[in-house]
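Participant: Sharing a structure here in structure tokens format.
The values are calculated or read from the model by the stated rules, or taken from the named source; none is laboratory data. Just so we're clear, the structure is a prediction, and the values are computed from it rather than from any experiment. Here the Cβ positions follow ideal geometry from the backbone for every residue, glycine too, while neighbour counts run over all protein chains shown.
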Amino acid sequence: MCKWNLLFHLTIIYYVVDVPLVKKMVTVVSLIYLLYYIIATAIELSPMERNYSDMLKSLHLLAGILLITLIFAIFLGTKDKSNNYIYILRYGILISMLCGIFELIRFNVTKFLMKKSWLTSHGLSSLAILVIALSLVIYLISFSTEEYTSKIEKEQLLLLAYKDALTGMPNRASCYKQIEEMEEKGIKEYTMIFIDVNNLKTANDKYGHETGDALLKMTADNITEIFSENGFCARWGGDEFVACVFDKEKKAKKLIEEFEKRIADEDAKGTFPFKVSAACGHKYINPSEYMDPLEAIREADGIMYENKKRMKSASQA
């Protein structure tokens, strides 16, 4: 088996072998073989009187030992059970190595054959390289495809973990993540807004959950369109939403007014068979009086609740 084919096998095996002890064993045997090969080549090229054929036999013996070591490594040196396509590479390398062994046998028995045949006139090294190259291509395509598919699935699961299934907007987990990122960026000036949809219970109990879902989706769409470009927003849970504006309180108030106008316009359209409205509460935080965002949410929630009570009293008057 030619040294390049052997080197190719070593490279591929190092790519998949992950058991330290097996990798060390392959390294030691490979270094012994390489050192002996260098010495034999140096002696062949030097004027020293030495029977090179004897060294070549020893070199072939070492190559055979290395082949057996590599076969052992590729079958017992991988512990990653998640690699479903390792068998392609294993058996491709095994077939290739068998071709190498036959090549060693052919080389040593040629002189005993009376006439030349296909076996004596053609080496098997080329076939060995072809087999391993083909198995490597199939392995890499299969493994890469599975990795890509797995990556896409993980990204989709991660997206679902931070996405509200009903409204399509970020959920509470996403809100917590946004707050973490906000603190990492050192944002100290912001306005936290808490929004509560009115009459959701009436929509669900009297007109069905489809009507209630439609009310939530309409509210979520408007919140996303108005607040997402200036900070972040999320469905906090049930009929409650949170928005955060990274700007002065004046900017936040302007956006809240725009949101309230849109909800009033929706009510005027008569899309829903009941009054459509939402209560808002906001808490402005400046750098000199910094407050933890979660605490700001609780403050905004309390202000929203007071506004909600006033809205209810006004509607009953």
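Participant: Take the residues in the stretch 262-296 that are over 18 Å from LYS312 (Cα atoms) and among the charged types (D, E, K, R); name whichever of them is surrounded by the most Cβ atoms within 10 Å (Cβ to Cβ).
Facilitator: Only one residue tops the list, namely LYS283.
Participant: Restricting the search to the stretch 291-310, which residues are in contact (Cβ under 8 Å) with a residue 24 or more places away in the chain and either within 21 Å of SER277 (Cα to Cα) or acidic (Asp, Glu) (or both)?
Facilitator: Selection gives ILE297, GLU299, ALA300, ASP301, ILE303, MET304, TYR305, GLU306, ASN307, LYS308.
Participant: Okay, next question. Please find, among TYR190, TYR162, TYR176, the residue that is crowded, with 16+ Cβ neighbours inside 10 Å and at pLDDT 90 or above. Quick ask: steps written out before the conclusion?
Facilitator: Details: TYR162 fails: at pLDDT 90 or above; TYR176 fails: crowded, with 16+ Cβ neighbours inside 10 Å.
One residue alone meets the criteria, TYR190.
Participant: If you don't mind, another one. May I ask you to list the residues in the stretch 194-241 that are farther than 20 Å from TYR162 by Cα, among the hydrophobic types (A, V, I, L, M, F, W, C) and in contact with a Gly (Cβ under 7 Å, 6 or more places away or on another chain)?
Facilitator: Matches in the stretch 194-241: LEU200, ALA203.
Participant: Next question. Tell me the residue from GLY270, GLY281 that is modelled with pLDDT of 95 or more and over 38 Å from the mean Cα position of the chain (by Cα), please.
Facilitator: Sole residue among the options that is modelled with pLDDT of 95 or more and over 38 Å from the mean Cα position of the chain (by Cα): GLY281.
Participant: Can you tell me which residue is nearest to GLY237 (Cα to Cα) among those in the stretch 286-317 that are of a type in the set (A, V, I, L, M, F, W, C) and under 36 Å from the mean Cα position of the chain (by Cα)?
Facilitator: ILE297
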